[in-house]
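Notes to accompany the following structure.
The values are calculated or read from the model by the stated rules, or taken from the named source; none is laboratory data. All of these numbers come straight from a predicted model, not from anything done at the bench. Virtual Cβ from ideal backbone geometry, glycine too; neighbours counted across all protein chains shown. Just the protein is used for accessible areas: all its heavy atoms, side chains included, with ligands, DNA and RNA removed. Shrake-Rupley method; radii C 1.70, N 1.55, O 1.52, S 1.80 Å.
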Amino acid sequence: LMVAHNAPFDVSFLVAEYAIARCEPPLVTVLDTLALARRSFRFASNGLAALATRLGAPIDRQHRAAGDVLTTWHVLERMIDALAARGCVTVGDFLAAQGPPVPFEIPRPRALPYPLGQAIDARRPVTICYVDGSGRSSERIVDPLWANDIYLIAWCRQMRAQRTFRLDRIVDAWLA
């Protein structure tokens, strides 16, 4: 069981890393304290710090991974205590109370524009002509790692860093 606050946000990063590593994510059930709060408590604000305050849970260093993990844990402890009085006692009860499950799987993209799909499968570099948000175009040689229906994640040789490119802004591509 994985527990997170605003789990789809956190899971999206984990899923992207599994995709880049070309590994299937583990079969994990995800409990989202944000979804649970929205459906079971109906506070005016469901941000992690606001929930912690309302539930009397300690707040660790905000917006830092370890601090948010500890705060989420304390919030979950308080939620477990509060919801036990309503008959919510098993993991299944909590998953049902949160609503729809949080998917933890690599999205399967529709057909990618040629030759991006080929470059990903063959682990080959590709040159893209990319138009940024300001309308400026540039050519970049990239090593594609992963793509979904919206984004291409690739190692940009020009920037010497991993970058995210919107597929709708790639106006041309050819194998390098």
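Go through region 118-176 and give me each residue that's open to solvent by 80 Å² or more (accessible area, probe 1.4 Å), aliphatic (A, V, I, L, M) and closer than 23 Å to GLU17 by Cβ.
ILE150, MET159
Looking only at region 1-48, count how many residues are buried (at least 18 other Cβ atoms within 10 Å of the Cβ), part of a helix (DSSP H, G or I) and either touching a residue at least 60 places away in the same chain (Cβ under 8 Å) or on the phi > 0 side of the Ramachandran plot (or both).
Count: 7.
Yes/no per residue for (1) part of a helix (DSSP H, G or I); (2) of a type in the set (A, V, I, L, M, F, W, C); (3) in contact (Cβ under 8 Å) with a residue 60 or more places away in the chain:
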site	(1), (2), (3)
LEU95	yes, yes, yes
PRO113	no, no, yes
ILE120	yes, yes, no
LEU145	no, yes, yes
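Sort out which residues of region 49-69 are closer than 16 Å to LEU34 by Cα and free of Cβ contacts under 8 Å to residues at least 12 places away in the same chain, and write them in order of number.
Residues satisfying the conditions are ALA50, THR53, HIS63, VAL69.
Please find, within region 71-130, the residue that is farthest from LEU1 (Cα to Cα) out of those that are touching a strand residue (DSSP E or B) at 6+ places or on another chain (Cβ under 9 Å) and of a type in the set (D, E, K, R).
For region 71-130, the residue satisfying everything is ARG124.
I'd like the full set of residues that are surrounded by fewer than 12 Cβ atoms within 10 Å (Cβ to Cβ) and in a helix (DSSP H, G or I), limited to region 49-87.
Residues satisfying the conditions are ALA65, ALA66, ASP81, ALA84.
In this structure, is ILE150 of a type outside the set (S, T, N, Q) and under 20 Å from SER12 (Cα atoms)?
yes
Taking region 133-144 only, how many residues are on the phi < 0 side of the Ramachandran plot and modelled with pLDDT under 90?
Number satisfying all stated conditions: 2.
Do you know which residues across region 84-129 are modelled with pLDDT of 90 or more and polar (S, T, N, Q)?
Answer for region 84-129, where residues must be modelled with pLDDT of 90 or more and polar (S, T, N, Q): THR90, GLN98, THR127.
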